[in-house]
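Notes follow the structure.
The values are calculated or read from the model by the stated rules, or taken from the named source; none is laboratory data. Here the structure is a predicted model, which means the values were calculated and not measured. Ideal geometry is used to build each Cβ from the backbone, glycine not excepted, and the neighbour counts take in all protein chains shown. These accessible areas exclude ligands, DNA and RNA; they are computed on the full protein's heavy atoms, side chains included. Shrake-Rupley method; radii C 1.70, N 1.55, O 1.52, S 1.80 Å.
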Amino acid sequence: MTQQVLNADLDQLVKEADLGGREPVGAVGAGLAMVAAAWSLFQLWYASPLPFMLGFGIFNDTEARAIHLAFAVFLAFCAYPAFKGSSRQVVPLSDWLLAAVGAFCAAYLFLFYNALATRPGQPTAMDIAVGLLGVAIMLEATRRAMGLGMLITTGVFIAFVFAGPHMPDVIQHRGVSLQRFISHMWLTTEGVYGVALGVSVQFIFLFVLFGTLLDIAGAGNFMLQMSLALLGHLRGGPAKVAVVSSALNGVVSGSSVSNVVSGGIFTIPLMKRTGYSGVKAGAIEAASSINGQIMPPVMGAAAFLMVEYVGIPYAEIIKHAALPAVISYIALFYIVHLEALKYDIQPLERERIPGWRQRLLGWAWGLSGTTVALAFIYYAITGLKALAGEQAGWVLAGFALVSYVVLMAWSSRHPDVPQDDPTNPAVTLPLPWPTVRAGLHFFIPIIVLLWCLMAEELSPGLSAFWATSAAILLVLAQPLMLFAFRRIGTASAAWRKGLADLWKGLVLGARSMIGIAVACASAGLIVGAITLTGLGLMMTDLVEAVSAGNVLVMLVLTAFICLLIGAGVPTTASYILVASLMAPVIVELGARNGLVIPLIAVHLFVFYFGIMADVTPPVGLASYAAAAISGADPNATGWQATWYSLRTTVLPFVFIFNPQLLMIGVGSWVDVVLVCLGGTIASLLFAAATMRWFRERCTWPEVALLLVATFLFFRPDWVIDRFAPRYISAPAADIYKVADLLQADEWLVVGIAGSNLEGEAITKTVALPMGEGATGRDRLRNGGVTLVQLGSEVEVAQVKFGSRARKLGVEQGYKLTDLQLPNPARPSPHWVLLPASALALLVWWLQGRRGRQGHSAVRPARVR
């Protein structure tokens, strides 16, 4: 297969998966491009402060969701052909009709908002007809954009709504009427127009547009070339480039498939040219790319959904999710290093090989320069804010603009870094500093995003708006800067190129959102079915019955269900489904078994296993995309990628039982360092055990020792629990005395008892969150729980709707049985790291002695 044919096939693969395969030409194509660009402009307008400053064009959440879905449905029928054999250039009349009717039904809540508000719960015949037609068209849009997997999943849940009386006892319900179903799904914010579509409107669209604009400006190629320049000279360098570049792309990418294709088109041929087999090259890229979905700050847009589902600020989500993501990437980096050692893959050579002194000096300059640059950025922004006062926004915008011009003037004096040619057997590595220097201006929009999110603590939507605005200016100005500083072409041509690139970004950003918006709406149908039938409570009973109350079995079963639910479903929709259906199961069953599980740990658990479906056969879309590039068997690639991803699948089980890995319950900086170090070493040892290679090939006893050391590094608390319990019991009547000593965002672990809807007596252990307040009583109330004390008995009088306490299963009328206070006599779990280190060093020493004696277990082998 020639490179041109391969590129064309991959381009079509991305279009089919992320953009829709249809590209009409002529007036029709131009018209659809205008609709897509109008959608992007609407989202920018809705997210900006302009409507409130100008006093018009203000939409409430429900109206914005309806308009958002109308755009998505219209473009879905225009961009996604009905069948594989349908034309990719012509939109048939039937699709125009479906697009128009679907858009009307989707916009119905906006067009008749006032009339619907006057008759809540009393739909007219017109309302029911529009809703019924809308659901049917929504299912067809789902089939086209998401495939049969998502359609079947949605259809099963809808069928369950009506077939409730005929279900087995464990999942039986009374069923609902058609009128109630349509009203719930289409005329309220409980179904299609629910939380998922709301997050798509407020956050996801702008982050997708932001990533698209950066990619058009050349940031994607810059990230790849920078990784190649910094890491290509190492053993297994191209594979390490795939790992790091996928992590960098994952910062702003919302699709594992596009991550595979955008980076894999360069890294997979490069890996094959240096000795990796097609299966291993594709598997490394696929495993790297799905990990991009767990990498903050975007996390495949799931981070913004977690804000709604978990009920904590966005900055907290990022803090909790960062360490496991980094650990997972470090372990994958180590895995590809072990593969290079195992098969004696030699490093690539640069045209000019610096000596060790030059390398040391280069790293010293690089690290010190990065530190100085970050310090300068921080203090410059902070100082300008303090000096400018109310005009700080304009001053900072000017500072960013001046910085951009200076960086472009500097980089324009030097030649651009050429792209790698996959057809050339000779590999030329770019030099680090010229490569980094050529793209420093790409960091400006990313800095704007992170500063708004983390320092200014703006909402994710407003932060994305300002970052996208910076990306728009970058796309517009870049051709002009190149003309001004290199004198290539004319100013008018530069203007036209900037406008053309911006137009392309607005259109591609909207087209990339079609599938995500449709998936969010379709997931809303599933969530609506769950809330309408009470399926979430039934799943708790079902999983409890199958697992026989064993927490570990329950988690394994939940992980398997999440893999099934996530099969063939994009990251955003996958998280919505597993969070709605399976997260409450873990929360409830964990609490019944006395296990205190933070809510964010539960949601990250189901999220991790939902995205793992992107590599696991037989559906793994990321594995199929990687196999298309490598030319290897998709199933073999998928199984190899799944094996590489074992180090990711073990992390959710760890942070369920040891939340310190999520930076929860970590005290001093010493604890932070030890937790980070212990988690990283554990993941590296686990990778070595699963690859059966440490210093050389491991014997089975050595694998066993490495796994024991892994467990001790991951779960040092388990060992300490054998000797000293984590909590000691105290009377429930002391709750206010204890709460007075706690601060906001700390937890108070309590035992509660009550009865469920069936009248069965249950007991739980939950962690009540503390809110702001002067007293413990106030902090409990602001955390979502109001208590009443009658003598020695304490009862839950009220639980705030939507609070973390409600999400943790605390209900009105439950009685507090006792308080679970931290055991002051319990030694630090970090002492267990010493014997764990001893086991790892023992294996290292044994293999070193065996190697010195010349009895290596295996010679370097050919990659198979």
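If I compute solvent accessible area with a 1.4 Å probe over the protein chains, what percent of it on region 92-206 is carbon and sulfur? Walk me through the numbers on the way to the answer.
Details: 3470 of 5160 Å².
C and S fraction of accessible area: 67 percent.
What number results when the radius of gyration of region 377-535, computed over Cα atoms, is divided by 2.2 N^0.38 Å?
Working: Rg = 20.9 Å, N = 159, 2.2 N^0.38 = 15.1 Å.
Expressed relative to 2.2 N^0.38 Å, the Cα Rg reads 1.39.
Heavy-atom accessible area per residue, region 466-588, 1.4 Å probe: how many Å²?
Values: 4210 Å² over 123 residues.
On a per-residue basis, 34 Å².
Which order do peptides 642-651, 736-745 fall in by mean Cβ count within 10 Å, highest first? It would help to have the intermediate numbers written out before the result.
Values: 642-651: 21.5, 736-745: 13.6.
Taking the mean over residues of other Cβ atoms within 10 Å, the ranking is 642-651, 736-745.
With every protein chain left in place, what is the accessible area per residue of region 763-815 in square angstrom, probe 1.4 Å?
On the way: 2640 Å² over 53 residues.
So region 763-815 comes to 50 Å² accessible per residue, rounded to a whole number.
Tell me, what is a quarter of the convex hull surface for the C-alpha atoms of region 804-854, in nm² with one decimal? It would help to have the intermediate numbers written out before the result.
Values: hull surface 29.2 nm².
Computing the convex hull of the Cα atoms and averaging its projections yields 7.3 nm².
Regarding region 715-764, what's the average projected area of the Cα-atom convex hull, expressed in nm²? Write down the numbers at each step before the final one.
On the way: hull surface 23.8 nm².
Spelled out: convex hull of the Cα atoms, projected over all directions, averaged, 6.0 nm².
Carbon and sulfur atoms: what percent of the 1.4 Å accessible area of region 593-681 do they account for? Walk me through the numbers on the way to the answer.
Details: 1980 of 2780 Å².
It is 71 percent, rounded to a whole number.
Can you pull out the trypsin sites (Lys or Arg not before Pro) in region 139-244 that DSSP calls coil and that have at most 16 other Cβ atoms within 10 Å? All intermediate terms of the calculation are to be shown ahead of the outcome.
Numbers: sites: 143, 144, 174, 180, 235, 240; in loops: 174, 235.
Taking region 139-244 and a limit of 16 other Cβ atoms within 10 Å, the loop trypsin sites (Lys or Arg not before Pro) found are 174.
Going highest first, how would you order 809-816, 57-64 by mean Cβ packing within 10 Å? Before the final figure, lay out each step's value.
Details: 809-816: 17.9, 57-64: 14.9.
With the highest mean Cβ count within 10 Å placed first, the list reads 809-816, 57-64.
With the calculation restricted to Cα positions, what are the radius of gyration and Dmax of region 540-591 in angstrom?
11.1, 32
If packing is taken as the average number of other Cβ atoms within 10 Å across a peptide's residues, how do 109-118, 839-848 rank, most packed first? Display every interim value, and only then the final one.
Numbers: 109-118: 14.4, 839-848: 16.7.
Ranked from most to least packed, the peptides come out as 839-848, 109-118.
Hey, what number do you get for the chain at 222 nm if only DSSP H runs of n ≥ 4 count, each worth -39500 (n - 2.57), divided across all residues, to the nearest 500?
Working: 39 runs with 559 residues, N = 864.
Helix contribution divided over all residues of the chain: -21000 deg cm²/dmol.
Taking Cα atoms of region 379-420, Rg/Rh with Kirkwood Rh, to two decimals? Numbers along the way, then the final one.
Numbers: Rg = 14.9 Å, Rh = 12.1 Å.
Ratio value, two decimals: 1.24.
Reported to two decimal places, what Rg/Rh ratio describes the chain when computed on Cα atoms with Rh from the Kirkwood expression?
Working: Rg = 27.9 Å, Rh = 28.9 Å.
Ratio value, two decimals: 0.96.
Using the basic label-point model (7 angstrom from Cα toward the beta carbon), what is the residue 492 to residue 52 distance in nanometres?
Here the answer is 4.3 nm between the modelled labels.
Among the listed pairs 280/504; 84/504; 240/319, which are separated by more than 30 Å between their Cα atoms?
Details: 280/504 35 Å; 84/504 26 Å; 240/319 25 Å.
Long pairs (Cα-Cα over 30 Å): 280/504.
When the scattering of region 519-559 is computed by the Debye formula from its Cα atoms alone, each counted once and equally, what is log10 I(q)/I(0) at q = 0.15, 0.24 Å⁻¹?
Log10 I(q)/I(0), no solvent term: -0.46, -0.77.
Leaving out same-chain residues fewer than 8 places away, which aspartates and glutamates sit with a Cα under 16 Å from that of residue 764?
541, 544, 588, 795, 811, 818
Which order do 690, 817 take by accessible area at a 1.4 Å probe, largest first?
Sorted descending by solvent-accessible area, the residues read 817, 690.
Accessible area per residue for region 378-417 in Å², computed with a 1.4 Å probe and the full protein assembly in place, what is it?
Working: 2690 Å² over 40 residues.
In whole numbers, region 378-417 has 67 Å² accessible per residue.
For Cα pairs less than 8 Å apart in space and 6+ apart in sequence, what is the mean separation divided by the residue count of the chain, i.e. the relative contact order in percent? Mind showing how you got there, number by number?
Numbers: 1407 pairs, mean separation 131.0, N = 864.
It comes to 15 percent, rounded to a whole number.
Relative contact order for region 530-648: what percent, with Cα pairs under 8 Å and sequence separation of 6 or more? Don't jump to the answer; show the numbers that get you there.
Values: 144 pairs, mean separation 28.7, N = 119.
Averaging sequence separation for qualifying contacts and normalising by length gives 24 percent for region 530-648.
Ignoring ligands, DNA and RNA, how do 370, 637, 274 rank by accessible area with a 1.4 Å probe, largest first? Intermediate values should be presented prior to the final figure.
Details: 370 80, 637 0, 274 25 Å².
Accessible-area ranking of 370, 637, 274, largest first: 370, 274, 637.
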